[in-house]
Amino acid sequence: MALMKVKFDLKKRVKLAQMLWLMYWFSIMAGVLVFSMGLFFKIELRKRSELMDNNESHFVPNILIGVGLLACFLNACGGKICYDSLDSTKFVKWKSVLKPFLICCLFFNFLLVVTAAMCFAMRIPLEFTLAEGLKNGMKYYKDTDTPGRCYMKRTLDLMQMEFRCCGNNNYKDWFEIQWVSNRYLDFSSKEVKDRISSNVDGRYLMDGVPFSCCNPSSPRPCIQQQITNNSAHYSYDHYTEELNIWKRGCRDALVSYYGGMMNTIGMLVLMVTLLQTGVMIGLQYVNTSLSTLVNPEDPESESEGWILEKTVKETFTDIMAKMKAMGKGNQVDEGANEEAVATES
């Protein structure tokens with residue numbers, strides 16, 4: 001028994017084909033949108049590639065770009081098929097390719113679901129790659145004269161100002177690294193000598209942060225040096241007073257930004273999946289309704305359309321039986337080849 005059988009006459013078939021043709025155009029626009037979002041996300045990642053620990057984060061945007069292009073191609077083909085289905089003589093040339101085309105659409109829908117799942121799951125690897133990338137980037141903040149690292153200071157400063165964040169986890173991360181270059185330190189100064197000698201690695205550490213950590217909305221002038229020294233500033237207690245530097249870590253800020261973007265793209269891909277599923281089902285109805293015309297020479301005759309020729313259970317059983325038969329056929333062929341080799345030897 002066919003699944004979701006529907007009776008069609010010429011008027012219903014024409015309306016279905018016209019509606020599907022319009023839906024395929026919407027699907028093409030959706031494919032363009034997925035492609036654009038993938039390209040936009042790739043550009044956003046490229047902007048801060050210096051802060052990424054690896055290039056694996058570009059895998060998802062590359063998949064989105066490929067899926068968007070494939071969606072445009074498949075939907076353009078589907079729209080052409082629906083347009084030609086209005087004329088039964090033109091539709092004849094598509095009969096032999098419709099079944100493989102529908103199978104390709106089914107696999108494409110599965111690819112869309114996998115892509116959406118990857119978008120939602122990308123937040124976890126992104127958090128790890130940003131944690132390492134930011135940690136390493138902060139170490140190179142002072143290396144403005146080193147080739148390949150001379151723009152790291154600018155990149156970090158712009159990022160902290162744009163995302164209103166400071167450090168990797170928080171502003172205290174800057175206390176653990178030397179972010180001031182040696183060329184700007186007065187080594188004849190006792191304070192500088194004491195700080196360097198008090199550190200095992202001979203680094204110049206201080207309880208200060210770069211200027212880009214300052215909150216411009218704070219009414220008090222920015223305190224970016226001696227942040228933990230209450231006596232160095234008038235009427236100041238860094239434990240209780242609201243600091244005038246950003247408290248949020250940049251890893252959290254960037255993960256929220258990229259994670260929110262990927263959640264939006266993931267929802268978009270799921271909506272595209274629903275649209276693709278709808279047009280695939282509609283195309284199956286067009287195919288079966290034109291293939292079951294009572295009088296093929298009379299386009300106005302009635303016909304029946306369905307999603308599956310049998311029930312889901314029966315269809316699954318048939319597929320499994322065919323797969324087993326193919327497996328046995330391969331075993332027989334291998335056995336025959338082995339016997340032939342043995343006979344020749």
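Here are a few things to note about the model shown:
- Total residues in segment 147-180, condition at pLDDT below 90 and of a type in the set (Lys, Arg): 1
- Of the residues making up segment 229-246, those that are in a loop (DSSP other than H, G, I, E, B) and surrounded by fewer than 12 Cβ atoms within 10 Å (Cβ to Cβ) are TYR234, SER235, ASP237, TYR239, THR240, GLU242.
- There is no residue in segment 70-88 that is in contact (Cβ under 8 Å) with a residue 24 or more places away in the chain, open to solvent by less than 10 Å² (accessible area, probe 1.4 Å), under 30 Å from ARG248 (Cα atoms) and assigned to a helix (DSSP H, G or I).
- Among (1) over 22 Å from THR115 (Cβ atoms); (2) open to solvent by 30 Å² or more (accessible area, probe 1.4 Å); (3) modelled with pLDDT of 90 or more, the one test that GLN284 misses: (3)
- For segment 174-194, the set of residues classified as within 13 Å of GLY208 (Cβ to Cβ) and among the charged types (D, E, K, R) consists of GLU176, GLU191, listed by residue number.
- Within segment 185-217, tally of residues that are part of a loop (DSSP other than H, G, I, E, B) and either open to solvent by 70 Å² or more (accessible area, probe 1.4 Å) or touching a strand residue (DSSP E or B) at 6+ places or on another chain (Cβ under 8 Å) (or both): 11
- Residue match in segment 8-30 (condition: at pLDDT 90 or above, among the hydroxyl-bearing types (Ser, Thr, Tyr), open to solvent by less than 20 Å² (accessible area, probe 1.4 Å) and under 24 Å from LEU274 (Cα atoms)): yes
- Among the residues of segment 119-152, those that are assigned to a loop (DSSP other than H, G, I, E, B) and either on the phi > 0 side of the Ramachandran plot or not hydrophobic (A, V, I, L, M, F, W, C) (or both) comprise TYR140, TYR141, LYS142, ASP143, THR144, ASP145, THR146, PRO147, GLY148, ARG149, TYR151.
The values are calculated or read from the model by the stated rules, or taken from the named source; none is laboratory data. Please read all numbers here as calculations on a predicted model, not as lab measurements. Methodologically, a virtual Cβ is constructed for each residue, glycine included, from the backbone with ideal geometry; neighbour enumeration extends over all protein chains shown. Accessible surface areas use protein heavy atoms only, side chains included; no ligands, DNA or RNA. Shrake-Rupley method; radii C 1.70, N 1.55, O 1.52, S 1.80 Å.
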